[in-house]
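Visitor: Below is the structure I would like to discuss, written out as structure tokens.
Rule-based calculations on the coordinates, nothing more; no lab input. Just so you know, these numbers come straight off a predicted model, no measurement behind them. Using ideal geometry, Cβ is built from the backbone for each residue, glycine included, and neighbour counts are taken over all protein chains shown.
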Amino acid sequence: MIYLDNSATTYPKPDVVYDFMCNFYRKHGVNPGRSGFDAAIETEEVVNNTRKMLTQLFNGGKDYNRLTFSYNATDSLNLIIQGLADPNAHVITTQLEHNSVLRPLYSLQKEGRLADVTYVPFDSRGFVNPDDIRKAIRSNTKFVVCTHCSNVIGTFQPLAEIGKICKEHGLIFVVDGSQGAGAINLDMQAANIDAYAFTGHKCLMGPTGIGGSYIREGVDVKITRYGGTGVRSAYPGHLEEYPYRMEFGTLNLVGVAGLNAGVKWILEQGIDNIHEREMKLWDKLRLGLQEIKGVTTYCADTCENHNPVLSFNINGFEAGDVGMMLDVDYEIACRTGLQCAPKVHEGIGTFDIHGTVRLSVGPFNTDEDIDAAINAVREIASLKN
């Protein structure tokens, strides 16, 4: 199989991730923070070391306990957005967002827990204009939530410019880092990002089922979930200090271990090195597809501020049919449809035609993979063009 669905989850993982997860769970598969025996203490050390690594990776701040773990970015975004919700508040977001942002905002507004939501459009190249964020601010605007990188068209958004506007107007800036964490270097403090949600199974090279967020000091996210913390058990309410404020029950320890190994791997390889190599393959794919009669690509005119994600359609074919042919006839794995981001497809004009075919490059793809994908699309397109 040629795997070109890395925006869904990177695959395969580095061998060190599989090995560390297996060894960790065999030797340290116990509950940390609940007991004082050696294995529990050693497990807690892995958890805390992972918090520290990610805090440093994002340059979140001095307090690594504000790096908290969850199931995934969707889980953390729900905790953050619901924790910031106010019946009198206006929120600004963009039309580039994934349903992990769109659905919580829609539901909160429908339930009367948010007053209103503004969806800022993106331009023909796939970027939000920060001035449009500024123009959307109202007297009751509380926070802005924006994707780091689109999962459909792969464009990195101007976070620093948006963060500066948020700081000038006293707004909380929340970023969905699902596609950005580990893909390029990030400086939360320089970009004035107040809350950054991430998932472990994409560019951080960890397993599924683990994610989290970093929430900077001074940001008041209300507690919306409750449960065991392993400490101060006599206290009747959920603990307000971090990390317990955003963690509930036993962590996915083997997931944290895999994330630990994944982050170490990308740091050893070099985030810039991985990204540069992936973008060279993406550029080859982009140029190859754009030469094929009947193929339309979207927001793919440059490598600048881009992740290796390419959406396209073939004239005369449904995206889903192309995906099936790529799978069955060529053993190429991809993603088709709306990719959980319907407003992106409204913006690029593909909503009514059931979305696009998405190919996304990962660290283990090769030139031969890209050649095979180009040739497969050329053969499919030739059937009707």
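Visitor: Considering only DSSP beta bridges with both partners in the chain, what is the antiparallel share in %, to the nearest 5?
Guide: Working: 21 of 41 bridges.
Roughly 50 percent of the beta bridges in the chain run antiparallel, per DSSP.
Visitor: Counting other Cβ atoms within 10 Å of each Cβ, which trypsin sites (Lys or Arg not before Pro) in segment 352-385 have at most 14 and sit in a DSSP loop?
Guide: In loop regions of segment 352-385 (DSSP not H, G, I, E or B), the sparsely surrounded trypsin sites (Lys or Arg not before Pro) are LYS384.
Visitor: Now for a separate question. Who wins for biggest fluctuation among VAL328, VAL175, VAL263 in a Gaussian network model of the chain, springs between alpha carbons below 10 Å?
Guide: VAL328
Visitor: So which of LYS202/LYS222; LYS13/LYS280; LYS284/LYS343; LYS164/LYS280; LYS110/LYS343 end up more than 23 Å apart, counting from Cα to Cα?
Guide: LYS202/LYS222; LYS284/LYS343; LYS164/LYS280
Visitor: Using the C-alpha atoms of segment 257-376, what convex hull volume per residue, in cubic angstrom, is computed?
Guide: About 126 Å³ per residue, rounded to a whole number.
Visitor: Rounded to the nearest 20 Debye, what is the dipole magnitude of segment 233-366 about its Cα centre when Lys and Arg each give +1 and Asp and Glu each give -1 at the C-beta?
Guide: So the dipole magnitude of segment 233-366 works out to roughly 100 debye.
Visitor: To continue, here is another question. Angle between the Cα long axis of helix 319-330 and the longest principal axis of the chain, 0 to 90 degrees, nearest 10?
Guide: Once rounded, one gets 80 degrees.
Visitor: Place +1 on the Cβ of every Lys and Arg and -1 on the Cβ of every Asp and Glu in the chain, take the dipole about the Cα centre, and give the residue among LEU310, CYS166, ASN273 whose Cα lies farthest towards its positive end.
Guide: Among LEU310, CYS166, ASN273, the one farthest towards the positive end of the dipole of the chain is CYS166.
Visitor: To the nearest 10 degrees, how steeply does helix 159-168 sit against the main Cα axis of the chain, on a 0 to 90 scale?
Guide: Compared with the principal axis, the helix lies near 50 degrees.
Visitor: Hey, what's the Cα Rg ratio for segment 156-224 versus the globular rule of thumb, 2.2 N^0.38 Å?
Guide: Numbers: Rg = 12.7 Å, N = 69, 2.2 N^0.38 = 11.0 Å.
Here the answer is 1.15, to two decimals.
Visitor: Just the ratio, please: alpha-carbon radius of gyration of the chain over 2.2 N^0.38 Å, N its number of residues. Walk me through the numbers before you get to the answer.
Guide: Working: Rg = 21.3 Å, N = 385, 2.2 N^0.38 = 21.1 Å.
After normalising by residue count via 2.2 N^0.38 Å, the value is 1.01.
Visitor: Ok, one more. If you fit an axis through the alpha-carbon atoms of helix 38-58 and take the longest principal axis of the Cα set of the chain, what angle between them do you get, 0 to 90°, nearest 10?
Guide: Compared with the principal axis, the helix lies near 50 degrees.
Visitor: Continuing with the same structure: Using alpha carbon centroids, what distance separates segment 187-232 and segment 293-314, in Å?
Guide: 31
Visitor: How large is the dipole of the chain about the Cα centre if only Lys and Arg carry +1 and Asp and Glu carry -1, each at its Cβ, rounded to the nearest 20 debye? Mind dumping the intermediate values first?
Guide: Working: 35 positive and 46 negative charges, 205 e Å.
Around 980 debye, computed over the chain.
Visitor: Would you calculate, for the chain, the mean residue ellipticity at 222 nm contributed by helices, counting each DSSP H stretch of 4 or more residues as -39,500 (n - 2.57) and dividing by all residues, to the nearest 500?
Guide: My calculation for the chain gives -12500 deg cm²/dmol from helical runs alone.
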